[in-house]
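Reviewing the structure listed below.
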Amino acid sequence: MTLFGAKSENRYRALFDNTVNGIAIYGSTDGQQFYFADMNSAGEQLSLVKIQDIAGKEIREVFPGVVEMGLYDVLRRVWISGTAETLPVALYDDQSLSRYYQNRVCKISDTEVAAVYSDVSEQVRAEGELRRSEVRFRSLFETMQEGFALHEVVFDDAGNPVDYRFLEVNPAFERLTGLSRDAVLGRTVREIMPQTEEYWIKTYCQVAMTGEAVEVENYSDELGRYYRGRAYSPKRGKFVVLFEDVTEKKKGMLALVQREEQMRVLFDASQAGIVMVEPSGAIMLANKRMAEMFGCSMEELLRSSYPDHLHPDQRSTGDQMMRMLIAGEIDHVDTERHYLRKDGGDFWGHLSGRRHEDADGVLISLVGNIVDITDRRRAEEALRISEQKFFKAFSHAPLMMSISEISTGRYLNVNNKFSQISGFSYSEVVGRTSIELGWLSAAERDRMIGILEGSGRIQDLEISVTAKDGSPLTCLYSAEIINVEGVDRLLSIALDVTGHNKDREALAYANECFQQALNGPKHVLYRLNVKKGCYDYMSPVFEQITGYPLEQFMRTGLDGLPNYFHPEDRERFLGYIGAELAKNSGKSFDMEMEYRFRKVDGSYCWVHDSSTVCLDQQGEMEYIFGTVYEVTERKQAEEKLKQQAELLEFAHDCIIVRDLDDKITYWNRGAADCYGWEREEALGQVSHELLKTRFPVPLVEIFKLLLKDGMWQGELVHTRRDGRELTVSSRWSRIRSELDNTVQVLEINNDITDRLQLEREQEKGQRLESLGLLAGGIAHDFNNILTGIVGNLSLIRVMVNDNLRVIGRLDDCEKAARRAGELTRQLLTFSRGGEPVKKTVELSRILNESLSFGLRGSNVKGTLEISDELWPVDVDEGQISQVLNNLLINATQAMPDGGEVAVKAENLITEGADGEPGCFVRLSIRDSGSGISPDIMQKIFDPYFTTKPEGTGLGLASAYSIVRRHGGSIIVSSEVGNGAEFVICLPAICSKNPVEPETIFEDQPETTIGGRVLVMDDEQMIVELVCMMLAELGCSVDSCGDGREAVSLYQAALERGEAYDIVILDLTVPGGVGGLEACRRIRAIDPRATLIVSSGYSQDAVMADFREHGFSGSVMKPYAMKSLFDEFKRVMALRDRREQIHG
């Protein structure tokens, strides 16, 4: 006979129906097909079916997914073997249900098997989230750009820190130092880098021992690099260094200084005059070249006015354009100006000038760039006179002359004699070809083109033409290719010799005009005879440009020509000709190239060569004709532009140069990217006004230190153009301009906003973690105290029998204790901070209690409207209470002068997160406060965002997280001045079945249980109370205060043959052996022992899954006699059944 004796069928049925796990019993006659025989209430809820609807049906008919899930095979094996099996976590999935289940299947009779199962979907999801979180954080650790190294301090025998050892490093550490992870882990810094200075070991060890973080920057001799970072201690005796390699930044600063010096040299060495003029006209800045051009000293130039240097014939025009620039009617000028020199001489300059404005468009000065173009103007004037002479001669020549396109033959210009003899007017000729006019026949034109292509020119060719009136004419025709404004054209000269002898005088005149065209001052016309190895023709101007005697140079052939080229251009020239020759198969091809040609004095000039290569019938080069002109000035200008571009390379740091009035004089690309203002917008602005700088000390104090020490560094808060604030690590240096000896400030800033935010969030997380641990400890201790109160109240209730006055007082005490129990659950919820532990509750009670608690002590009125038959919900009661309390407290704080909070709860059927319709309870909390502005509403759920001076920014962030973890949603709507409304939707159970409220106090047990019981708890008050309770239940009780003693007592009783029927073990024993370790040791002695775990930590993993940790049952503090009695009955019933099964 067991301790509890025979149990009736009703008790087994009650156990079957009230267990929290689902139980399904399947019948079978052959072990191949199974039908539903019975199912408990938990099974119906987990499977979403009713037993009366599925009884007698084959399992696959109701749940077709059990085959793929693997459960059906387990049922068959267990039915055949009789051995229980566990089906680990598996997914059941069909059109009606998709969840993860864990099953334990056993055979309970010859024709029946039973499956005990539980829904572990939330656990699977939580484990998946944990794995993904671990992957994300590991990925962040491995991809962060800063080097990370965790160390522990090494002490000598006297306990003094003498070294530190590497415990962990990230890939960035390896990349930045060149040291591999395997080479440093487990080794000390003295082993790896013996030359490490004692200062750094003392500094880092001090961080590890005091917890005070430090900013560090040092140079490593072993690694040859500069590093900057921060050291802090996550735990006493250990420290972390986060660092970055700033070697390149150090080099960049040096390069910046060098570039500034180069720009000063470039300014002074510029071949163009540079001048800055005040709106009044006074010259305020100029370079040396400008003074040389005006023929005066720099001091004289800076005391003068710009208009004084203008030639009298241009002062009125110059003054007018200057006034327009000053007035803002134009923003720049690009013109040529006539200037006076101090000695009375003059020169022509090309002026490029523009306005220099501040950010508001106010004129600061006029800046001009003046290039001396006197020589060019004289050459252009000579060319203009030459062209005038040519076109005058062209128009009035006694011979027919025309200029036409080479490719199309269209006339571009004809002279008077051409119109007179041909009969065609100027307008009839220009734009048309000789074929279209009927002037030439197609055959005659083809003959002329053939000669031109073969010889490059036509000399005294007799041709036949037809005048406009149809009369035939005979002309003596000559043609030459000339360059007009950079384009090759065909110049034609014809003498009408119809019925006359050649007019020698006219022909001589034509030849003179022809020579004028060929001997212009800029272009060299030539024809190189490749076959003969010499030039047939070359313009005389070649001798003036190069210095070589023309007759001597014309004896040069194609083979000898490259000897006059710069060595770097020779192969390019020959390669270009070879490539063009290889890809062209016609009679000729054109070439364009530029190269350096050596003059007779050994210097080189750049020339542009535009030519046509003519080929013979075998495809070999016969001759080359074309034109060459000098482009040295253009090439030099291009090279200067290239040098300036290289000097203006941008650094990545924000580099700003300011004068002593704090006005910005230099603003690099890095500053523009960081702050949002382009250089043109920032220059001339007052730095601290533009950036709205917040200084750690007054600016005047910083300037005192800067003037005294030459430098200053610290952290500043700046505001970007878009309004976002950022924190920068700023370094200021005092520099002196070599140009005018003025003192300026070089400021180099590095954005550290993200790094500081990360550090602040880490500190907040550590504080919250500590606070959570403190809350959990307080809740545990309070539960121990509350257990004494609750237990004694239940004992008193048994002792007073039917004394109604005393029972009434006991009811009040029990209500107070219940409220205290709820408080401890909230503290435990806060300390846990994890997934909700859900149970089915009625929200009406939680809403009433939260409304009463949240508005207590305020002048805010609360109203509560709850729909009839509100659906129950599966929630963590403590966490949902925390959400409601946060929202209600925020509502009262939004109405300091009083107001109203309306809370409403109603049923709602809508789409869930999966897109399927479902049952929800909709909660709305609306206040009549001042409302929330749109910019704040966008960030209201962000962690650490708060508008309260003493707020943590965690209330609404926690509420959002809790609601989302419950599968619900939370939204906010508001209008400024009209209050705010928060709406929460929580998944509900579409059922009207009432939910029995959870309570600490229940009806007292009506019977006793007897038996030997061992109680282990470190709280003497609880030991005495439990002993009294058990004595009331008829038990024989022994007690102890530590797990080690409990194991000894159990072993001694077992050896005497007086084994304990039940052992109650306190889970946590500070400084001693707790319940979990004691359980393990007792199980090793007696595997069949009945052990109950007790704890005030309701969310402890052992309490959540006591069976997995070896316990038979659990009781949660605080508990009453009835709770203890019920748990005793349950575990003993299970033990009796186990003994019956196993004999």
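The values are calculated or read from the model by the stated rules, or taken from the named source; none is laboratory data. Computed from a predicted structure; not experimentally measured. Cβ sites come from the backbone with ideal geometry, for glycine too, and all protein chains shown count toward neighbours.
Name the single residue that is modelled with the lowest pLDDT among those in the stretch 724-774 being of a type in the set (Asp, Glu) and surrounded by 13 or more Cβ atoms within 10 Å (Cβ to Cβ).
That would be Glu759.
Spot the failing condition for Glu260; the list is (1) at pLDDT below 85; (2) within 21 Å of Met144 (Cα to Cα), and only one is missed.
With (1) at pLDDT below 85; (2) within 21 Å of Met144 (Cα to Cα) applied to Glu260, the lone miss is (2).
Exactly one of (1) buried (at least 16 other Cβ atoms within 10 Å of the Cβ); (2) of a type in the set (A, V, I, L, M); (3) assigned to a helix (DSSP H, G or I) is unmet by Val465. Its number?
It is condition (3) that Val465 fails.
How about the stretch 337-395: which of its residues are basic (Lys, Arg), modelled with pLDDT under 85 and surrounded by 15 or more Cβ atoms within 10 Å (Cβ to Cβ)?
If the condition is that a residue be basic (Lys, Arg), modelled with pLDDT under 85 and surrounded by 15 or more Cβ atoms within 10 Å (Cβ to Cβ), then Arg377 is the only one that fits.
Looking only at residues that are touching a strand residue (DSSP E or B) at 6+ places or on another chain (Cβ under 6 Å) and farther than 18 Å from Ile481 by Cα in the stretch 400-423, which one is surrounded by the fewest Cβ atoms within 10 Å (Cβ to Cβ)?
Ile421
Within the group Arg99, Arg77, which residue is assigned by TED's automatic domain parsing to the domain that holds Ala55, out of contact with any Pro (no Cβ under 7 Å at 6 or more places or on another chain) and more than 20 Å from Gln32 (Cα to Cα)?
Arg99
For the stretch 1046-1067, indicate whether the set of residues that are of a type in the set (S, T, N, Q), in contact with a helix residue (DSSP H, G or I) (Cβ under 6 Å, 6 or more places away or on another chain) and assigned by TED's automatic domain parsing to the domain that holds Arg1107 is non-empty.
Yes, the stretch 1046-1067 contains a residue that is of a type in the set (S, T, N, Q), in contact with a helix residue (DSSP H, G or I) (Cβ under 6 Å, 6 or more places away or on another chain) and assigned by TED's automatic domain parsing to the domain that holds Arg1107.
Checking Met591 against (1) farther than 17 Å from Tyr629 by Cα; (2) modelled with pLDDT under 90; (3) outside any helix (DSSP H, G or I), which test does it fail?
(1)
Taking the conditions exactly as written (touching a residue at least 24 places away in the same chain (Cβ under 8 Å) and charged (D, E, K, R)), does Arg1083 satisfy them or not?
So Arg1083 passes the test.
Identify all residues within the stretch 543-574 that are part of a helix (DSSP H, G or I), touching a residue at least 24 places away in the same chain (Cβ under 8 Å) and either under 60 Å from the mean Cα position of the chain (by Cα) or closer than 16 Å to Phe625 by Cα (or both); write none if there are none.
Passing the criteria: Leu561, Tyr564, Glu568, Asp569.
Considering every residue within the stretch 236-249, establish whether at least one is surrounded by 15 or more Cβ atoms within 10 Å (Cβ to Cβ), closer than 30 Å to Trp667 by Cβ and of a type in the set (S, T, N, Q).
yes
Out of all the residues in the stretch 1079-1103, which are outside any strand (DSSP E or B), under 23 Å from Val1026 (Cα atoms) and at pLDDT below 90?
Gly1096, Tyr1097, Ser1098, Gln1099, Asp1100, Val1102, Met1103
Can you name the residue in the stretch 1104-1143 that is part of a helix (DSSP H, G or I) and within 53 Å of the chain's Cα centre (by Cα) and, of all such residues, is farthest from Ala1089 (Cα to Cα)?
Ala1104
For the stretch 7-51, which positions are buried (at least 17 other Cβ atoms within 10 Å of the Cβ), part of a loop (DSSP other than H, G, I, E, B) and among the hydrophobic types (A, V, I, L, M, F, W, C)?
Phe34, Val49
Taking the conditions exactly as written (surrounded by 17 or more Cβ atoms within 10 Å (Cβ to Cβ) and of a type outside the set (Gly, Ala, Ser)), does Gln206 satisfy them or not?
So Gln206 fits the description; yes.
Would you check which residues across the stretch 17-41 are more than 15 Å from Val105 (Cβ to Cβ) and either under 57 Å from the mean Cα position of the chain (by Cα) or β-branched (Val, Ile, Thr) (or both) and list them?
Asp17, Asn18, Thr19, Val20, Thr29, Asn40, Ser41
Any idea which residue in the stretch 866-875 is surrounded by the most Cβ atoms within 10 Å (Cβ to Cβ), counting only those that are of a type outside the set (A, V, I, L, M) and in contact with an Asp or Glu (Cβ under 8 Å, 6 or more places away or on another chain)?
Going through the qualifying residues, I end up with Pro872.
For (1) in the same structural domain as Lys663 (by TED's automatic domain parsing); (2) touching an Asp or Glu at 6+ places or on another chain (Cβ under 9 Å); (3) in a helix (DSSP H, G or I); (4) over 17 Å from Gly281 (Cα atoms), each residue gets a yes or a no:
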| position | (1), (2), (3), (4) |
| --- | --- |
| Thr317 | no, no, yes, no |
| Gly349 | no, yes, no, yes |
| Ser352 | no, yes, no, no |
| Arg355 | no, yes, no, no |
| Val367 | no, no, no, no |
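Quick one: Ala115 ticks every box in (1) in a strand (DSSP E or B); (2) under 28 Å from the mean Cα position of the chain (by Cα) bar one, so which box is it?
(2)
Identify, from the list Met253, Met324, Met284, Met298, the residue that is surrounded by 15 or more Cβ atoms within 10 Å (Cβ to Cβ) and either at pLDDT 85 or above or not small (Gly, Ala, Ser) (or both).
Met253
For Arg721, are the conditions met, namely being among the charged types (D, E, K, R), in contact with a strand residue (DSSP E or B) (Cβ under 6 Å, 6 or more places away or on another chain) and modelled with pLDDT of 60 or more?
Here the answer is no, as Arg721 does not meet what is asked.
List the residue pairs whose Cβ atoms are under 8 Å apart, where the first residue sits in the stretch 458-485 and is more than 30 Å from Tyr537 (Cα to Cα), the second is among the β-branched types (Val, Ile, Thr) and surrounded by fewer than 16 Cβ atoms within 10 Å (Cβ to Cβ), and the two are 6 or more positions apart or on different chains.
Close Cβ pairs satisfying both conditions: Pro472/Thr498; Leu473/Thr498.
Considering the stretch 658-679 alone, what residues qualify as being aliphatic (A, V, I, L, M) and either within 25 Å of the chain's Cα centre (by Cα) or at pLDDT 90 or above (or both)?
Hits for the stretch 658-679 are Ile664, Ala671, Ala672.
Can you tell me which residue among Asp53, Asp17 is farther than 19 Å from Tyr101 by Cβ and modelled with pLDDT of 85 or more?
Exactly one of Asp53, Asp17 is farther than 19 Å from Tyr101 by Cβ and modelled with pLDDT of 85 or more, namely Asp53.
Within the stretch 980-1017, track down each residue that is of a type outside the set (A, V, I, L, M), more than 23 Å from Val1037 (Cβ to Cβ) and modelled with pLDDT of 90 or more.
Glu981, Phe982, Cys985, Pro987
Select the helices (runs of 4 or more DSSP H) contained entirely in the stretch 147-239, then report the ones holding at least 1 residues which are without any contact (Cβ under 8 Å) to a residue 60 or more places away in the chain and hydroxyl-bearing (Ser, Thr, Tyr).
Qualifying helices (runs of 4 or more DSSP H): 171-177, 198-210.
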